[in-house]
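Asker: Here it is, the structure in full.
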Amino acid sequence: MRMSFPVICMVAFFFAFGLTLDGQSENPDSGSWSGVIINSNCSADEAFAEAPKCTEKDVPGAKFVLYDDTTRQMFNLDPQDDAIGHLGDSMTATGTLDGDIIHVTSLKLHTSIGLAIGQKAPAFSARDQFGRQQTLETLKGPKGTVLLFFRSADW
């Protein structure tokens with residue numbers, strides 16, 4: 001039996017598609033998210049403005065959430081236990097994401113910001129304010145490189 005060219009293409013497509021799906025991870029929503037631990041009584045706008053109410057303790061009915069000020073997203077944490085005592089702390093949650101809930105496998109406190117003196121910057125790639133792709137190499141000058149990252153709320 002001889003197959004036509006369109007049939008062969010369709011068979012090849014489904015074969016390749018099946019291999020692609022087979023190579024996907026068991027849980028594509030696993031990863032890590034960084035932010036500040038706040039109480040759920042606070043809105044994303046209040047958290048971005050660093051309102052004092054966001055880190056108030058013992059708010060009836062409030063739960064701990066991780067607020068990412070880069071994306072202005074709030075993630076509920078499950079379980080809550082590891083967040084106890086960390087209101088206002090900058091942390092990284094590792095686990096799986098289900099909607100807006102991070103099923104936490106670990107919650108780690110950020111202990112430092114930036115690189116230690118003398119430590120070399122890792123390779124990176126990011127878009128600048130004009131949308132151009134920049135890397136450590138494209139930003140290097142004859143006497144080195146200074147990078148400054150800030151968020152608009154700091155102004």
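Read the figures in this text as sums done on the coordinates, not as results from a lab. Predicted model only: the values in this text are computed from it and were never measured.
Asker: Can you give the log10 of the normalised intensity I(q)/I(0) at q = 0.12, 0.21, 0.25 Å⁻¹, computed with Debye over equal Cα scatterers of the range 76-139?
Answerer: Normalising to I(0) and taking log10 leaves -0.54, -0.89, -0.97.
Asker: Report the relative contact order of the range 26-155, percent, no decimals, based on alpha-carbon pairs under 8 angstrom and at least 6 residues apart.
Answerer: Relative contact order comes out at 22 percent.
Asker: While we're here: Could you state the principal axis extents of the C-alpha atoms in the range 23-138, from the largest down, to the nearest angstrom?
Answerer: So the extents along the principal axes, rounded to whole Å, are 51, 40, 30.
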